[in-house]
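These notes are about the structure you will find just below.
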Amino acid sequence: MQHLENSEVGKLLEDKWAYVIDAIESAFVDPTADMIPKTYLNVEGGDYRAMPAALGDFAGIKWIGVFPDNWKQGFSTTPGILVLNKRGNGRLLLTMECCKLTAIRTAAVSTIAAKYFTFPADVKKIGFVGCGNQASHHIEAYLSQFNEARGYSIDEVLLYDTAYISGMSEGWNNLIASKDVDFKVCDTLEELTSQSDIITLTTPSREPYLGLENLKPNVHINAVGADAVGKREVKHEVLYGAKNVICDDREQAMHSGELQYSTSFLGGYGSGRRLDVQSLNNIIRDNSFQPKGISLFDSTGVALEDLAVGTLVFSLLHDSRYLKVT
């Protein structure tokens, strides 16, 4: 049985965004897929999460910690491991560190949501609130997939963060230097939101900060940071003012995503609109959606996404994406 370090996982998945996105999209509509919402163990400074799923010939579980302040000591904020088994008999096939895998799959899922909820010709500027490791992976994914060949013409990446900007790491500077697009550090949140066609939120905030003010009339928001009880980035006015609200898993989003704040407002917020939430897998299946107005993707991160990328890693390791396990 083999174990892969983060660096090995990263090397296998390097520049393979199209494969990762295809694996996740396919998993969302695969009839063999099965999973349960993640479970949490709260500890001082963060929490641990257990995320089991099954897909095709495989079953697996991701055990991951989330410690937002770890970066201050130079540690990963998301240390963890993915265990991959043969579905039918439980045989242990592979283990891998999953910090890199988690960052890549999260960025890939945001890319999928943004693809379905934007018109390529309307996307010129993309904004990121929170400029840690997760944002850099999102930038890589977006610029890889939202390019001229697919009808996009992104000309600027806007950045805003109260903690990271003043001391951007060498990795960030290398990322900026490697991309044929302008980067701009915004002085205020409003400066970013008023210009961005796609806004990605990746902060560990527990206070909502994104309101309707200064948002463009047609904008897609990927809300990534709220992935546990008590976390929150989006104000009620955005949640209920959005034309479309999408989540990766309804049950999970209702207890740990932005939607955890919607229950007391169902049928009663503002003009009395009842919140209508769509699941990403239904959007992928339908494939006839026409984006309009403000859309919000409540991304909590589900086990099926991890397993889809974990099985891709296994297949790439054995030189075949469609390897059958015996």
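The values are calculated or read from the model by the stated rules, or taken from the named source; none is laboratory data. Quantities reported herein were computed from a predicted structural model and do not represent experimental measurements. Neighbour counts are summed over all protein chains in view; Cβ atoms, including those assigned to glycine, are modelled from backbone coordinates with ideal geometry.
Just the residues that are out of contact with any strand residue (DSSP E or B) (no Cβ under 8 Å at 6 or more places or on another chain) and either crowded, with 23+ Cβ neighbours inside 10 Å or assigned to a loop (DSSP other than H, G, I, E, B) (or both), please, taken from the stretch 224-261.
As a first pass, look at the stretch 224-261 and keep what is out of contact with any strand residue (DSSP E or B) (no Cβ under 8 Å at 6 or more places or on another chain): 230-232, 237, 241, 251-252, 254-255, 260-261.
Result: G230, K231, R232, Q252.
Considering only residues that are among the aromatic types (F, W, Y) and either part of a loop (DSSP other than H, G, I, E, B) or touching a Lys or Arg at 6+ places or on another chain (Cβ under 6 Å) (or both), which ones fall in the stretch 22-61? Walk me through it before giving the result.
Here is the first cut: in the stretch 22-61, the residues among the aromatic types (F, W, Y) are 28, 40, 48, 58.
The answer is Y40, F58.
Let me confirm something: among I24, I112, which residue is crowded, with 19+ Cβ neighbours inside 10 Å, within 27 Å of V234 (Cα to Cα), modelled with pLDDT of 95 or more and not assigned by TED's automatic domain parsing to the domain that holds L159?
Numbers: I112 fails: not assigned by TED's automatic domain parsing to the domain that holds L159.
Answer to the selection: I24.
If I filter the stretch 152-173 for residues that are modelled with pLDDT of 95 or more, in a helix (DSSP H, G or I) and either in contact with a strand residue (DSSP E or B) (Cβ under 9 Å, 6 or more places away or on another chain) or not hydrophobic (A, V, I, L, M, F, W, C) (or both), do I get at least one hit?
Scanning the stretch 152-173, I find no residue that is modelled with pLDDT of 95 or more, in a helix (DSSP H, G or I) and either in contact with a strand residue (DSSP E or B) (Cβ under 9 Å, 6 or more places away or on another chain) or not hydrophobic (A, V, I, L, M, F, W, C) (or both), so the answer is no.
Being surrounded by 20 or more Cβ atoms within 10 Å (Cβ to Cβ) and at pLDDT below 95 is the filter; apply it to the stretch 119-132 and report the residue that is nearest to I246 (Cα to Cα).
Among those residues, the one meeting the criterion is G130.
Could you grab me the full set of residues in the stretch 67-98 that are within 19 Å of G130 (Cβ to Cβ), of a type in the set (A, V, I, L, M, F, W, C) and crowded, with 21+ Cβ neighbours inside 10 Å?
If the condition is that a residue be within 19 Å of G130 (Cβ to Cβ), of a type in the set (A, V, I, L, M, F, W, C) and crowded, with 21+ Cβ neighbours inside 10 Å, then no residue fits.
Output the residues belonging to the stretch 119-151 that are assigned to a loop (DSSP other than H, G, I, E, B) and within 19 Å of V234 (Cα to Cα). Spell out how you get there, then give the answer.
In the first step, residues of the stretch 119-151 are kept if they are assigned to a loop (DSSP other than H, G, I, E, B); the result is 119, 123-124, 130-132, 146-147, 151.
Those that are assigned to a loop (DSSP other than H, G, I, E, B) and within 19 Å of V234 (Cα to Cα): G130, C131, G132.
Need pairs with beta-carbon distance below 6 Å; first residue under 19 Å from L82 (Cα atoms) and assigned to a helix (DSSP H, G or I) and within the stretch 312-324, second of a type outside the set (A, V, I, L, M, F, W, C) and modelled with pLDDT under 55; sequence gap 6+ or separate chains.
These pairs meet every condition: S315/R321.
Which condition breaks for P204 when tested against (1) closer than 25 Å to L280 by Cα; (2) at pLDDT 95 or above?
(2)
Report whether or not I221 is of a type in the set (A, V, I, L, M, F, W, C) and either at pLDDT 95 or above or part of a loop (DSSP other than H, G, I, E, B) (or both).
Working: of a type in the set (A, V, I, L, M, F, W, C): yes; either at pLDDT 95 or above or part of a loop (DSSP other than H, G, I, E, B) (or both): yes.
It is true that I221 is of a type in the set (A, V, I, L, M, F, W, C) and either at pLDDT 95 or above or part of a loop (DSSP other than H, G, I, E, B) (or both).
Being at pLDDT below 95, more than 18 Å from the chain's Cα centre (by Cα) and of a type outside the set (K, R): is that true of N85 here? Break it down stepwise before answering.
On the way: at pLDDT below 95: no; more than 18 Å from the chain's Cα centre (by Cα): yes; of a type outside the set (K, R): yes.
It is false that N85 is at pLDDT below 95, more than 18 Å from the chain's Cα centre (by Cα) and of a type outside the set (K, R).
Taking into account only those residues within the stretch 177-218 that are buried (at least 20 other Cβ atoms within 10 Å of the Cβ) and in a strand (DSSP E or B), which is farthest from the chain's Cα centre (by Cα)?
L210
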